[in-house]
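Beneath this line is the structure, given in structure tokens, with notes to follow.
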Amino acid sequence: MRFSNLHTHTTYSDGKNTVRENIEAAIEKNMLSLGFSDHSFTPCDQSYCMKLENYGRYRAEISELKREYEGRLPIFTGLEKDYYSEINNEDFDYVIASVHYIIKDGKTHPIDHSPELQTCCINESFFGSALDMAKRYFELVVENARLSRPDVIGHFDVINKFSLMPEDSEAYVKIASEALVETSKYCKRFEINTGGISRGWRKTPYPNRNLLELLLKNGCEVVINSDSHKAENLDFFFEESAHILREVGFESYSCLMPCGFVKMPL
Ligand SMILES: [Zn+2]
Ligand SMILES: [Zn+2]
């Protein structure tokens, strides 16, 4: 199967490879198209995101490379927009909406950086209740979709990355499921994201199987993304993800091409 990847990070944010190195790798892997989605500028934590002053250079470099590689690989300029960022959607070909932080009581908690920091968030801001943290996280996911009107919802249940959430409990499933239905009112395209697997934290992609079934039931479409921070991971776990989608009952996945999002058979 041939794939596309819209969730990729370069040296403009916390990725290891340049834009050009990623393009070369995508051509090598015979990919259908490639989109860049470096982290939007987050004033609350500037260690992982793109610098505000680099937005222009980022867009200009990708535009130049789009022309250079025309006819060989369709390339798109996207952005992974965090809840705590302000952007102009018109500046990008597409936007992925993701939540990476919870700011509460004046404290900024990164929620997907490490198990230690997520535990700190649960203990310091939610009195030790993982469920209360999940509730707040999913509120922000819904808000981000409502306010940003993105093209894709990024790693919907990334708070499960470190297995600190009671993922199978009735209470958690209810919170996540209700949030998914609410989010889908504003954006009906979600990604299946393999980034937690390539970094060794998980064995399965986000969203989990229950949520994928709910996406299908709600008429949502799915794009397959690797959230790659290295060019070698551009298509990491894609064949396996396609298999999971088929098992859930999806008959196609969505892929961004020059004419827009198109459905590819699974
Ligand atoms: Zn992210
Ligand atoms: Zn990402």
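Points to keep in mind about this one:
- The single condition from (1) open to solvent by less than 10 Å² (accessible area, probe 1.4 Å); (2) under 22 Å from Ile102 (Cα atoms); (3) touching an Asp or Glu at 6+ places or on another chain (Cβ under 9 Å); (4) of a type outside the set (D, E, K, R) that Val222 fails is (2).
- Ser33 closer than 18 Å to Thr194 by Cα and among the polar types (S, T, N, Q): yes
- Of all residues making up region 1-25, the number that are touching a Cys at 6+ places or on another chain (Cβ under 8 Å) and either away from ligand 1 (no atom under 14 Å from the Cβ) or closer than 25 Å to Tyr253 by Cβ (or both): 2
- One residue stands out among those in region 161-195 that are surrounded by 23 or more Cβ atoms within 10 Å (Cβ to Cβ) and within 16 Å of ligand 2 (Cβ to nearest atom): the one that is nearest to Cys220 (Cα to Cα), which is Phe190.
- Among the residues listed as Asp227, Asp235, the single one being within 16 Å of ligand 2 (Cβ to nearest atom), on the phi < 0 side of the Ramachandran plot and crowded, with 21+ Cβ neighbours inside 10 Å: Asp235
- Residue in region 74-82 that is assigned to a loop (DSSP other than H, G, I, E, B) and either surrounded by 22 or more Cβ atoms within 10 Å (Cβ to Cβ) or not aliphatic (A, V, I, L, M) (or both) present: yes
- Of Ile27, Ile87, Ile96, all but one fail to be surrounded by fewer than 18 Cβ atoms within 10 Å (Cβ to Cβ), within 25 Å of Ala242 (Cβ to Cβ) and among the aliphatic types (A, V, I, L, M); the exception is Ile27.
- Of the residues making up region 235-266, those that are closer than 18 Å to Leu6 by Cα, assigned to a loop (DSSP other than H, G, I, E, B) and without any contact (Cβ under 8 Å) to a residue 24 or more places away in the chain number 1.
- Checking each residue in region 110-134 for being within 16 Å of ligand 2 (Cβ to nearest atom) and either surrounded by fewer than 20 Cβ atoms within 10 Å (Cβ to Cβ) or of a type outside the set (Asp, Glu) (or both) picks out Pro110, Ile111, His113, Ser114.
- Residue match in region 135-157 (condition: within 21 Å of Phe250 (Cα to Cα), of a type in the set (Val, Ile, Thr) and surrounded by 14 or more Cβ atoms within 10 Å (Cβ to Cβ)): yes
- Positions within region 36-64 being part of a helix (DSSP H, G or I) and open to solvent by 10 Å² or more (accessible area, probe 1.4 Å), in sequence order: Leu52, Glu53, Asn54, Tyr55, Gly56, Arg57, Arg59, Ala60, Glu61, Ser63, Glu64
- A residue that is of a type in the set (Val, Ile, Thr), within 16 Å of ligand 2 (Cβ to nearest atom), surrounded by 21 or more Cβ atoms within 10 Å (Cβ to Cβ) and under 14 Å from the mean Cα position of the chain (by Cα) occurs somewhere in region 8-18.
The values are calculated or read from the model by the stated rules, or taken from the named source; none is laboratory data. Note that the coordinates shown come from a computational prediction; the quantities given were computed from them, not determined experimentally. Cβ sites come from the backbone with ideal geometry, for glycine too, and all protein chains shown count toward neighbours. With ligands, DNA and RNA removed, areas are computed over all heavy atoms of the protein, side chains included. Shrake-Rupley method; radii C 1.70, N 1.55, O 1.52, S 1.80 Å.
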